[in-house]
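Input: a single structure, listed below in C-alpha cells.
The values are calculated or read from the model by the stated rules, or taken from the named source; none is laboratory data. What you see is a predicted model, and the numbers here were worked out from it, not measured in a lab. Please note: Cβ atoms are built from the backbone with ideal geometry, for glycine as well, and neighbour counts cover all protein chains shown.
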Amino acid sequence: MKLNILIGSVCIGAMVGLSPASRASATDRTVVQSHEGSNHETIAIFVPSLSNPFFVAEEKFAAAEATKLGYGTMVASHDGNAYTQMNLIKTAIAVHVAAIVLDNAGADVSITAVTAATEAGIPVFLIDREINAKGIAKAQLVSNNFEGAQLEATEFAKLMGYTGSYVELTGMSSDTNAKVRAQGVASVLEHFSGMKMVGNQTAEWSQSEGFRVTQTLLQAHPNIKGLIADNDTMALGAEAALLAAHRPEVIVVGFDGSPDIVRSIRKGQIKADVLQPVATFSKEAVIEANRYLKTGSTGEPEKKQLDCILITPANVGEYADWSMKAGS
C-alpha cells in the first residue's frame, strides 16, 4: 500500500523500503512510509522528528512490533508542530487507520488532536510524552523523567567531586519533559553547596543549538568544570563545542541512551548517560493497541511510568540497541 497524501500545502508521496537512517537524513519526510500488513489494518506512528535518533528509535521499535503482529504501518513526523500533527491525525482518520501511536507535539496543544481521533473511533496510544488530560488516550506510556534526571544529576555531582561551577542545557520550554527533567536535576544539585550553576539555557533539544549555546556559555564562563545536558542531542552538540574549544576535560553527561552517546562514553569523552526505555514503551504501545482492537480493553492503567537506567563506563558493555542486558 502506497499513499500520496496532502499534508498542509505540500503533497508528499509515502516511500517504501527506506532505512531509518535514510529517512532521518531526508529533507522533507512529513509522511515517510506506509506498508500494508497481513491483516490489512494499519497502525499510524507519528513522532516529533526523524532527524533525532531517539524518535527514529521509537518509530523503529513500534513499526517492528506492528509488523510482527500483522499490521501495516504509516509513519510520519510532525516536527513538534501542533498544526502538522492535527493534519496527520485528520489524514489518519480519512484513511481509516486502526490505531495511532503518538509521541505528541505538546501536553496542552495535543489534546484537541487526540480528542479528534478518539471521537472518530480511532484509539490513540501516547508514548514518551503525556498530555494534560486523562480518559482521552487509551494509554500514556512515558519514562520516569524526574527519577531519570535525579540519576543523571547524582552521577554528575559524583563526577564533579561535589564541587565546581557548571552549566545546564535544557529542552524546549513548551515540553513537559523538559520541565520535569530540569526539576529533577535541581532537586539533587541544590543540595551540594560546593557546586555552583553559572549558566542555564535552552538548546531546544537540538545538536546544533547544543553546540551554539555551549560556545556562548563558554565565552561567558570559561572556567566551568561540568555541563549537564537534559537530552543526548544537546550533549553531543556540547561535546563538539568543548572539543573545538580544547576543553575535553569538562565533564559532560546526557539523557536518552542513544548509540552515539554510548560510543562517546566508550571513548572516555562523555562520562555518563541516562537510558530511557524507548524500546519497551514503543513496543508496549503497539501491544496494547493490538489488545484493545481485539478485546476493547488494554487491560492496563492508562498512565504508566517506566524506569530509566544510568549508563557509565562500568556498565556500558551491557548496552545494545537502546537497551541494557537483563541484570545490568
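Values computed for the structure shown
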quantity	calculated
Residues of the stretch 141-179 that turn out to be in a strand (DSSP E or B) and more than 21 Å from the chain's Cα centre (by Cα), as a count	4
Options 105, 139, 98, 117: the member that is within 20 Å of residue 44 (Cβ to Cβ) and in contact with a His (Cβ under 8 Å, 6 or more places away or on another chain)	105
Residue selected from the stretch 173-223 under the condition among the β-branched types (Val, Ile, Thr) and touching an Asp or Glu at 6+ places or on another chain (Cβ under 7 Å), by the criterion surrounded by the fewest Cβ atoms within 10 Å (Cβ to Cβ)	176
Every residue from the stretch 122-131 that is assigned to a loop (DSSP other than H, G, I, E, B) and touching a residue at least 40 places away in the same chain (Cβ under 8 Å)	123, 128, 129, 130
Residue in the stretch 114-126 that is acidic (Asp, Glu) and within 20 Å of the chain's Cα centre (by Cα) present	no
Hits in the stretch 89-109 (condition: crowded, with 24+ Cβ neighbours inside 10 Å, more than 19 Å from the chain's Cα centre (by Cα) and not β-branched (Val, Ile, Thr))	92, 99
Conditions (1) at pLDDT 95 or above; (2) out of contact with any helix residue (DSSP H, G or I) (no Cβ under 7 Å at 6 or more places or on another chain); (3) surrounded by 15 or more Cβ atoms within 10 Å (Cβ to Cβ); number of the one not met by residue 233	(2)
Selection within the stretch 65-85 - within 13 Å of residue 287 (Cβ to Cβ) and of a type in the set (Asp, Glu)	65
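Each row is one residue, and each column tells you yes or no for (1) in the same structural domain as residue 230 (by TED's automatic domain parsing); (2) more than 16 Å from residue 291 (Cα to Cα); (3) among the small types (Gly, Ala, Ser).
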position	(1), (2), (3)
66	no, no, yes
74	no, yes, no
84	no, yes, no
92	no, yes, yes
110	no, yes, yes
122	no, no, no
131	no, yes, no
